[in-house]
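Colleague: Before we start, here is the structure in question, set down as C-alpha cells.
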Amino acid sequence: MNQPTDNHWPLTEALESRESIRLAKSYGLFVNGQFIRSSGSKKYWTINPANEKRLSRITESTPKDVDRAVRAARNCYEKHWSRMKPSERGKYIYRIARLIQEQSRELAILETLDGGKPIRESRDIDIPLAAAHFFYYAGWADKLKYAFPNRNPRPLGVAAQVIPWNFPLLMAAWKIAPALACGNTVVLKPAETTSLTALKLAEIIQQADLPAGAVNIITGHGPVGQSLIQHPDVDKIAFTGSTHVGKSIQTALATSGKRSTLELGGKAANIIFADAPIDQAVEGVVNGIYFNQGHVCCAGSRLFVEESVYDQVIEKIKDRIDTLRVGEPLDKNTDIGAINSKKQLAIIDQYIELGTAEGAHLYQPDCPLPDSGFWCLPTMFTDVSQSNRISREEIFGPVLAVQTFRTVAEVIKKANNTRYGLSAGVWTNKGSKIFNMTSQLKAGVIWANTYNQFDPASPFGGYKESGFGREGGLHGLAAYLALK
Ligand code: NAD
C-alpha cells in the first residue's frame, strides 16, 4: 500500500476482493459457440501489471484458427443471423446487456487485474458503459428502417474487429453491439495484454445462447490481427489502435474494396480561457489526462492556458496532482493505477526524458510508488513549445504538456497544429466562444466545460491521422450497413 505523504490523507486500504472471480488457468478460443483448442500449441501469459504476477495463459491463434473463426462467422451470417427477424436479434443483444450488468463485478475486477486501471474506473465507467452500448444498439435492431428512412439498410456480412488494451470490454462492446444489431456476424481479436474480459464476454455470449458463430473471439498478438483483417472472406474491417498500425492496415486494404473504419491515436487540446470556472477546469484537465493513466486516445494531453490565468491554473494543477494516489488498482482509494505493460512504460519514460532534454520544465508529485509492477507518476511539463515532440506526438500515458495563448485566433491555430484530430476541450463561461471554438477546432469530439464524457448515442471518431468513420449513435450503425 502507498505510504501517506503530507498531501495524502492516511486512508485505510480498501481492496476489492478477488473472491468473486473465476479465472481459468488457460483459455482457448471462442469459435462457433464453443471454447476450442488452437490448431497450434503456442500460449503466452497475461500478467497483472500492478505486480507482474501471472494471471492466465492465453492462446496465440494460428492462421488456421483465424480461418476457422471466419468460416464459422460466415456460416452463421448466411444461415441464421442475417435471416433472423430483427426484433429477435434485438432480444439476444438485450440479453448480453443484462448479463453484463449481472456479472459486472466480476468483469470490473478482471479488467482491473489484467489492464491495471483503478477499480473505481472499471466498476463505474468501463463496465456500465459496455452494458449501455449493448442496450442502446439492441433497441435499434428492429428500427433500422426508421434510422435511415427511404433507404434499404442491409448488413455487410462478416466483420473483422481488432481492438486495443486501454478499454478492453468497452471497445469490444463498441464494435460487437452495432455489428450484431445490423445483422452482421463478428470475429473479434482483443489486445494481447488484455484478453480476459473479451473471453469472459464470450462466456456471456454462450449464456445468452446466441446462434453458434454469431460472435467469435480469437486471441494473440499483432500478426493474428493482421491475418484476420487480411482474410479474404471478411467484408468489413473495424480497427481501433495506433496510427502506425492503422496506416499499415489502410495500405493493405487499399485495393480490396472492403468497408473499413479506423479509430486511431490522438493528441487532444484542452483549452482554458481566463473567463472559465477555474476550479472546474482544473478538475477537467486532471480527469482529461490522468484518468486511466492517460491510456485514453482522447486524453487532453496538450493544455493551452490563457496567459492572464496561467500562474493560477498551474498552481492549482500542482496542488491537485499532489493529492493523487498512484498504486494498487484494486484499492478503491486509488486514482492512478498501473501502466498496462512494461513496453508502454518504457515508451512513456522515454518521452519524459525527452521532454526534459527538449528544455521543458518537469513537475511530478512526491508520491511513493509500489516496488513491483509498472508505474508512472502524474507528470506535467510547462515551458513547452509547439515544436517539442512531447507536444506533437501521442505519449499514451499520464503526461501533460502545457502552453499559453493570448487570443482566440492564436489558440485555434496552435490547437489545430497537429496531425491528429480526435478530441478537444474548451473551458469558458461564454456560450458564443464555445460555438466559435467548436466550429473552428478540427476534432471529431469537442467537450465544453467538461471532459471525457461518453454516451452510446453520441458518435465518436476522428479526423486526419486519428482515423475515419464513427462509432456510437446512428453513425455507428451506418458503419455496419449497406444503405441503398
Ligand atoms: P496497437 O495498434 O499496437 O494495437 C491495437 C490492436 O491491433 C491490438 O489488438 C494488436 O494486437 C493489433 N495489431 C497490432 N499490429 C497489427 C497489425 N499489423 N495488423 C492488425 N492488427 C494489429 O495499439 P495499442 O498500443 O494496443 O493501443 C493504443 C493505441 O490505440 C493508441 O494510439 C490510442 O490512441 C489508440 N486508440 C484509439 C481509440 C479511438 O477510438 N480512436 C480508442 C482507443 C485507443
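The values are calculated or read from the model by the stated rules, or taken from the named source; none is laboratory data. All of these numbers come straight from a predicted model, not from anything done at the bench. In this analysis, Cβ positions are derived from the backbone assuming ideal geometry, glycine residues included, and neighbour counts consider all displayed protein chains. These accessible areas exclude ligands, DNA and RNA; they are computed on the full protein's heavy atoms, side chains included. Shrake-Rupley method; radii C 1.70, N 1.55, O 1.52, S 1.80 Å.
Colleague: If you put +1 on each Lys and Arg Cβ and -1 on each Asp and Glu Cβ, how big is the dipole of the chain around its Cα centre, in Debye rounded to 20?
Modeller: 2600
Colleague: Rounded to the nearest 10 degrees, what's the angle between the helix 86-102 long axis and the longest principal axis of the chain, both from Cα atoms, 0 to 90?
Modeller: That works out to roughly 50 degrees.
Colleague: May I ask for the net charge around Ala479, where only other residues with Cβ less than 10 Å from the Cβ of Ala479 are counted and Lys, Arg are +1 while Asp, Glu are -1?
Modeller: With Lys, Arg at +1 and Asp, Glu at -1, the neighbours total +3.
Colleague: Take the alpha-carbon centre of the range 50-100, take the same for the range 378-454, and report the distance between them in whole Å.
Modeller: 38
Colleague: Would you please put 15-21, 196-202 in order of how densely packed they are, using the mean number of other Cβ atoms within 10 angstrom per residue and starting with the highest?
Modeller: Listed from highest to lowest mean packing, they are 196-202, 15-21.
Colleague: A further question follows. In 5 Å bins starting at 0, how do the alpha-carbon pair distances of the range 269-448 split up by percent?
Modeller: The calculated distribution, bin by bin, is 1, 8, 18, 22, 21, 15, 8, 4, 1, 0.
Colleague: Provide the packing ranking of 113-122, 97-106, 418-427, 397-406, i.e. peptides ordered by the mean count of other C-beta atoms within 10 Å per residue, highest first.
Modeller: 113-122, 418-427, 397-406, 97-106
Colleague: Roughly what % of DSSP beta bridges within the chain run antiparallel, to the nearest 5? Before the final figure, lay out the partial values.
Modeller: Details: 22 of 61 bridges.
Percent antiparallel among DSSP bridges in the chain is about 35.
Colleague: By how many degrees, between 0 and 90 and to the nearest 10, does the Cα long axis of helix 342-357 differ from the longest principal axis of the chain?
Modeller: 30
Colleague: Can you send over the solvent-accessible area of Lys64, 1.4 Å probe, protein chains only, in Å² to the nearest 10?
Modeller: Counting only protein heavy atoms, the figure is 140 Å².
Colleague: Right, something else. Wrap a convex hull around the Cα atoms of the range 66-197, take a quarter of its surface area, and give that in square nanometres.
Modeller: 8.0
Colleague: Now for a separate question. Sorted by packing (mean other beta-carbon atoms within 10 Å per residue), highest first, where do 448-456, 131-139 land?
Modeller: Going by the mean number of other Cβ atoms within 10 Å, highest first, we get 131-139, 448-456.
Colleague: Further question: Quick one: Debye curve from the C-alpha atoms of the range 36-88, no solvent, what's log10 I(q)/I(0) at q = 0.17, 0.21, 0.23, 0.28 Å⁻¹?
Modeller: -0.70, -0.79, -0.84, -1.00
Colleague: Need one number: convex hull volume per residue for the chain, Cα atoms only, in Å³.
Modeller: Roughly 138 Å³ of hull volume per residue.
Colleague: I'd like the orientation of helix 310-323 relative to the chain: the angle between its Cα long axis and the longest Cα principal axis, in ° from 0 to 90, rounded to 10.
Modeller: The angle comes out at about 60 degrees.
Colleague: Work out from phi, with θ = phi - 60° and the Karplus expression 6.51 cos²θ - 1.76 cosθ + 1.60, the ³J(HN,Hα) of each residue of the range 174-189, listed in order in whole Hz, and give x for Gly and Pro.
Modeller: 4, 8, 6, 4, x, 4, 5, 4, 8, x, 8, 10, 9, 10, 10, 10
Colleague: Relative contact order for the chain: what percent, with Cα pairs under 8 Å and sequence separation of 6 or more?
Modeller: 18 percent.
Colleague: Roughly speaking, to the nearest percent, how much of the range 269-448's 1.4 Å accessible area is carbon and sulfur?
Modeller: Working: 3280 of 6710 Å².
Using a 1.4 Å probe with all protein chains present, the range 269-448 comes out at 49 percent carbon and sulfur.
Colleague: What net charge is computed for the residues neighbouring Ala360, neighbours being all others with C-beta under 14 Å from the C-beta of Ala360, Lys and Arg scored +1, Asp and Glu -1? Don't skip to the end; give the middle numbers.
Modeller: On the way: positive: Arg302, Arg389, Arg392; negative: Glu353, Glu358, Asp383, Glu393.
Overall, the nearby charge balance is -1.
Colleague: All other residues with a Cβ under 10 Å from the Cβ of Glu393 taken together, and with Lys, Arg as +1 and Asp, Glu as -1, what is their net charge?
Modeller: On the way: positive: Lys267, Arg389, Arg392, Arg419; negative: Glu394.
Result for the local shell: +3.
Colleague: Kindly report the accessible area of the chain per residue (heavy atoms of protein chains, probe 1.4 Å, no ligands, DNA or RNA), in Å². Kindly include the intermediate steps, with their values, before the conclusion.
Modeller: Details: 19260 Å² over 484 residues.
I get 40 Å² per residue for the chain.
Colleague: Of Lys413/Lys464; Lys64/Lys200; Lys267/Lys343; Lys117/Lys236, which pairs sit farther than 26 Å apart, going by alpha carbon to alpha carbon?
Modeller: Violating the 26 Å Cα-Cα cut-off are Lys117/Lys236.
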